[in-house]
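Nothing in this text is a laboratory measurement; each read-out follows from the coordinates by a stated rule. Just so it is clear, the structure is predicted and the values come from calculations on it, not from any experiment. Methodologically, a virtual Cβ is constructed for each residue, glycine included, from the backbone with ideal geometry; neighbour enumeration extends over all protein chains shown.
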Amino acid sequence: MRSSMWGRCQEGSGEWDLKVIQMIGKNVLAVSAHADDVEIGCGGTVALHVKKGDNVIILVMAESSYTFYDGTVLRTIEEGKKEEEKAAKVLGAKLINLEFKSKEVPYSVKSVEAINKVIDDYRIDTIYTHWYHDTHQDHRRTTQSVLSAGRHVKNILMYEPEYPAGRSYLGFHNQYYVNIASTFEKKMEALKEHKSQVEKYGDVLLKAVEARARHRGYEINTEYAECFEVLRLLGEI
């Protein structure tokens, strides 16, 4: 397994100085099994953190390629890398890709310790990750690894799964909402950078993501929102 770091933090700020960044704002880790999972699940929330001055890292577990079981290549590594770099730049987040094999992301010592190192290196205090009961094996094992690695992290929230991965025997609990009315366009702009995925699913993907954000926004009397199931959340009084 190789570990590589791509992208930069906020626009125009250059590479992060690990000795000082943790003293400013929250240190947020948004974890996804594949490139585009974060943009779909919590892209608006990530953009909002950046807007507020927090330090945000997008951690992708799998190399950014995808091949169907019959050998059809749906996204090459080169395409995926360019797409995830551009999307992270739009959101203003630093990007790290651990380059595990797509569809074979493990729940193992290697995956746990790789995430643990990122948590320690960047003094992470808030994590967003996949829903635990997601039916995609990479998504589920990613969150299992996150929970093991993040055992000391104060805040862990699981973002809402997208169809069909959310069709599980248990239902997602929409417990925690974030108003993303001010960052929804940024979320969609970042998602559109994953051109291979938009081409794969068509405009229906973009319409579905917007429809869900509108629905969740309606539930809290705003235009757009994202919601999460809480695994752990430190209250501030």
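Think of each Lys and Arg Cβ as +1 and each Asp and Glu Cβ as -1; about the Cα centre, that makes the dipole of the chain roughly 360 debye.
The convex hull around the C-alpha trace of the range 4-232, projected and averaged over every direction, spans 11.8 square nanometres.
Here the range 19-88 is treated as a Stokes sphere of Kirkwood radius computed over C-alpha pairs; at 20 °C and 1.002 mPa s its diffusion coefficient rounds to 160 µm²/s. Among the trypsin sites (Lys or Arg not before Pro) within the range 131-237, those in coil by DSSP and having at most 15 neighbouring Cβ atoms inside 10 Å are Arg151, Lys154, Arg167. Take the chain and mark each of the chymotrypsin sites (Phe, Trp or Tyr not before Pro) that is in a DSSP loop with at most 16 other Cβ atoms within 10 Å; the longest unmarked stretch, sites excluded, is 70-168. Annotation for the range 42-107: GluC sites (Glu not before Pro) lying in DSSP loop with at most 12 further Cβ atoms inside 10 Å of their Cβ are Glu104.
Taking the Cβ of His152 as the centre, find all other residues whose Cβ is under 12 Å away and add up their charges (Lys, Arg: +1; Asp, Glu: -1).
The answer is +2.
Could you tell me what percent of the DSSP beta bridges with both partners in the chain are antiparallel, to the nearest 5?
40
Dividing the summed -39500 (n - 2.57) terms of all DSSP H runs of n ≥ 4 by the residue count of the chain sets its mean residue ellipticity at 222 nm at -12000 deg cm²/dmol.
Asp120 to Tyr177: FRET efficiency via 1/(1 + (r/R0)^6), r the Cβ-Cβ distance, R0 30 Å, to the nearest 0.05? Once the sixth-power term is evaluated, E becomes 0.50.
Applying 0.36 nm per residue to the separation of Thr72 and Tyr169 and subtracting their alpha-carbon distance, the gain on full extension is 31.9 nm.
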